[in-house]
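Structure first, commentary second.
The values are calculated or read from the model by the stated rules, or taken from the named source; none is laboratory data. Not measured: the values here are computed from a predicted model. When we count neighbours, we look across all protein chains shown, and the Cβ atoms used for this are built from the backbone with ideal geometry, even at glycine. Surface areas here come from the heavy atoms of the whole protein model, side chains and all, with no ligands, DNA or RNA. Shrake-Rupley method; radii C 1.70, N 1.55, O 1.52, S 1.80 Å.
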Amino acid sequence: MNAQRMAFKVHGMDCAEEVATLKREVGPVVGGEEHLAFDLLNAKMIVSEGASASSEAILRAVASTGMNAEPWQELVGSGQEKSTRQKLQLVLTILSGGLTALAFGLHVWSSGGFHEALGAEGMGHIHRIPWVSKGSYLGAIFTACWFIAPKAWLSARRLRPDMNLLMVVAILGAISIGEWFEAATVAFLFAVSNALEGWSLSRARRAVEALMDLTPTLVQLVKNGETSSVRPEEVSVGALFQVKPGERVPLDGLILQGTSALNQAPITGESMPVTKIPGEEVFAGSINGDGALVIECSKPASDTVLARIIRMIGEASTKRAPSEQWVDRFAKVYTPVVMILAILVALVPPLLMGGAWADWFYRALVLLVIACPCALVISTPVSIVAGLASAARHGVLVKGGMYLEAPASLKAIAFDKTGTLTEGHPSVVQVAPWNGFTEQELLRVAGSMESQSGHPLARAIVAYVKSQGVAFIPAQDFQTLQGKGATAVLDGRTHWLGSHRFLEEQGAETAEIHVQLESLEGDGRTVVAFGTGRELIGFLALADAVRPTSASTLQSLRGAGVEHLVLLTGDNAGTAEAVGRQVGVSEIQGELLPEDKVRAIEALVAKHGQVAMIGDGVNDAPAMAGATLGIAMGAMGSDAAIETADIALMNDDLTRIPWLVNHSRRTLTVIRQNITFALAVKAVFVVLTMVGHASLWSAIAADMGASLLVIFNGLRLLKA
């Protein structure tokens, strides 16, 4: 019994059908399909702990499918290189096309013309095809079917017909009636179709591998005053490293020295650089501005925010969207039905209606070719993978296809207040000087005194004063008065700061000041008074400020058709009402415990059906779990947020929510277009086949054209 989790790189696993094949063959070996998970994006197969098989037995089971595997190796830095199998597939496909063209050219030359060569085939004209042409046609078929034939044989042996078996039967049938050119053309075009399918997934893979390229391959490690170059995976947590201006940050960490503006767009999707100072966190993949930084590593290379994004995108491809599941179920029924229908087309007209055997046998072969569900099967996963990769590039980490489709049908969204609709920390919202003092004089006193304190309100005041460009003056003899305020000497005079009660104790309150204080303290604000002796200098009102984008985001959501927007918060009713009015929600529920939020979400789901809960990913986790969709804010700084939510916003950017709703709808529209087009092409050619106006090569050309169109249509989502 192998109790360890194993992972394998599976060469040739490029679509959902190959995943289904691996489940059938490897599942019984490891003790059931439940022990298997697949990362289609990275061609990775994961065998869970407790699987009853050795690595060698699993590799043999994979080989029996016509694919091959090797133990998985994590790659750091640049993206994965094209596999040997992909290169061989490309070479064989090109060789097949070349041999087909050579065979047909020899055929044209020997028969005296293009039309004579096309008309020389068929059961009555086999002897007119030169043996050299036949040999070239056979070589083209052999090279094209190199990877197809083993899968077809496995399908026939298991009595589970798939598209590979359909194609091989059609090719052998064409050879049996002397249609060598069409047999070779069908084989070549199907090989091209398979190569395109692998290419389309590789295109989406490259979008994710581009994220891997964001991480430098070397880190400038700082030790004992000297620097040395090492690989990121060799750097331990707590080590110091240097990032020069213009370089990319190689690892997550905390700035110890230096100040610089960092471009975090690859991680968070935000368009503007963010200024970072000592003590603040930076993320691997960010681009340093014009300041040199010394950073302390906070996470190993395998666990940076960027590494987790890449890992989560890969895992997301295993969580099947409803449309993918529908296509899979449809294809399982569709393929056997097509095989039976082709047999009936070949037998019934000749036996019951006196039709020509050769004619109806040929039509049955055409039916097999055009009925190949290749375009249909690939239509959905390409779109889903492209949609996931595009969302990640916009700072939205979606954990699977099912969650990518869900935002399109949302009827209601519930928002937490603190850290979601608001900034999540106190900030100065109003400055009210008094007794003839100017705003600058008030800020000068406030900044000078509060710079001596480490209280969260003090830090908010100091940050605001700095942002206004007001200079501090030295504060002497700073003393904190527990529960009241503080005093300090500025310019030789004793100044004080504190609460409403402390203001009263200083004898500085008048009826007019009392009215002003009550006005400032409305809507859940905290007011700090500043004065000297009995003279009041003024007030600073602080609050958890509403995000500048909150109101416009909710308006955009209404424009997108999500009408019911609810505020759920544990804050008091007054504060909840104030924030709710400011952002424009439909319903406000305050003073809620976590279990109350869960009940509120359950009621919303019962009433509206499709409901999202947006919160900080930790305190709101129970409510997120009860909603149709859980969306975490601030996931860039929270491991728990990425783990608990279905969708994580890598930056605290609410504007990504309406973008996500519209992106989800675009993705669903593309999927429906692809499915409709793939089925329509098949329906048209089935009719043409039955009336005798379709040929093998035109059928496979149409199927390949349909595959190409659904692939490129799906890949449009990468540029959404």
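Accessible area ranking (1.4 Å probe, heavy atoms, ligands and nucleic acids excluded), largest first, for Trp496, Trp659, Trp153, Trp109: Trp109, Trp153, Trp659, Trp496.
Using a cut-off of 27 Å between Cα atoms, the listed pairs Lys276/Lys411; Lys597/Lys719; Lys23/Lys399 include Lys276/Lys411; Lys597/Lys719 as exceeding that distance. Hey, quick one: spin label on Val91, modelled 7 Å out along Cα-Cβ, who in region 129-169 has an amide N within reach, i.e. under 17 Å? Answer for region 129-169: 140, 142-148.
Apply 1/(1 + (r/R0)^6) to the Cβ-Cβ distance of Asp359 and Trp131, taking R0 = 22 Å, and write down the FRET efficiency to the nearest 0.05.
On the way: r = 27 Å, r/R0 = 1.22.
E(calc), rounded to 0.05, equals 0.25.
Rolled with a 1.4 Å probe across the full set of protein chains, the surface gives Ile129 an accessible area near 10 Å².
Extension gain for the segment Asn662 to Asn68, taken as residue separation times 0.36 nm less the Cα-Cα distance, is 209.9 nm to one decimal. Within region 555-572, list the residues whose amide N lies under 20 Å from a label point set 7 Å along Cα→Cβ of Ser586. In region 555-572, the label zone of Ser586 (backbone N under 20 Å from the point 7 Å along Cα→Cβ) covers 555-569. Taken per residue, the accessible surface of region 405-460 reaches 39 Å², heavy atoms only and a 1.4 Å probe.
FRET efficiency for the pair Met690 and Leu159, taken as 1/(1 + (r/R0)^6) with r the Cβ-Cβ distance and R0 = 25 Å, rounds to 0.35. If R0 is 45 Å, the Cβ-Cβ spacing of Val333 and Ser298 corresponds to a FRET efficiency of close to 0.30. For region 485-542, applying the loop criterion from DSSP together with a ceiling of 16 other beta carbons within 10 Å to the GluC sites (Glu not before Pro) yields Glu521. The 1.4 Å probe gives accessible areas that order Arg157, Arg716, Arg308, largest first, as Arg716, Arg157, Arg308. Sparse packing (at most 13 other Cβ atoms within 10 Å of the Cβ) combined with a DSSP loop state is found for the following trypsin sites (Lys or Arg not before Pro) in region 452-534: Arg534.
Charged neighbours of His608, selected by a Cβ distance under 11 Å, balance to +1 (K, R count +1; D, E count -1).
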